[in-house]
Amino acid sequence: MDDVKQDSDEEGDAGAAMIGDVEFNSATFYRYANVDVDRLLDTLGDANATTQAVTAFVDAFATTVPNGKINTFAHNTLPDLVVVNLRDTQAVNLVGAFERPIAGDIMTNATKALVEREQEIDASYGTTPVRTWVVRVGKDTEAADQLAARQPLRDVLTELGDAVAARLVRE
């Protein structure tokens, strides 16, 4: 590369490119988001736009992957588990399920920990969702079937949109 840069505008950038190491790890990530449909309706002023915004957000949140080092590691991996809760109480973050490191079969045990945490929080605080949807991949996430039946994301988005629209009509 230095020969190409010689006598060019980029000559000041001459020198060896990356010659070190790039470390890699594989990790399980828990991502959480909350959409307050009532406040979103206040902002948008239109029930149909609110419903579309909610479903578009959930779709994007579930299918968008971080892009840092994407060319290096080609990590275009979609989540193995997506749980969507429609609540009429308050938002509930289940990050406490991962307070202790997950050991052993990571996907199976992480799914079990998440399901157990949600069930315990809902039982203790009365925050049981009005409706729950589960999108999951493979046998390792079967424990999530305790929360709701497995569905494809497209079906979840349709049903979520219908549920949000029905809620907004009642208000």
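The listed residues Val95, Val54, Val169, once ranked by accessible area (1.4 Å probe) with the largest placed first, stand as Val169, Val95, Val54. When all protein chains stay in place and ligands, DNA and RNA are ignored, the 1.4 Å accessible-area order of Leu94, Leu81, largest first, is Leu81, Leu94. When the residues Glu116, Glu159 are ordered by accessible surface, computed with a 1.4 Å probe over the protein chains alone, the sequence from largest down reads Glu116, Glu159.
Between Phe29 and Val65, the simple label model (points 7 Å from Cα in the Cβ direction) yields a spacing of 1.0 nm.
The values are calculated or read from the model by the stated rules, or taken from the named source; none is laboratory data. All of these numbers come straight from a predicted model, not from anything done at the bench. Methodologically, a virtual Cβ is constructed for each residue, glycine included, from the backbone with ideal geometry; neighbour enumeration extends over all protein chains shown. The area values use the complete protein model at the heavy-atom level, side chains included, leaving out ligands, DNA and RNA. Shrake-Rupley method; radii C 1.70, N 1.55, O 1.52, S 1.80 Å.
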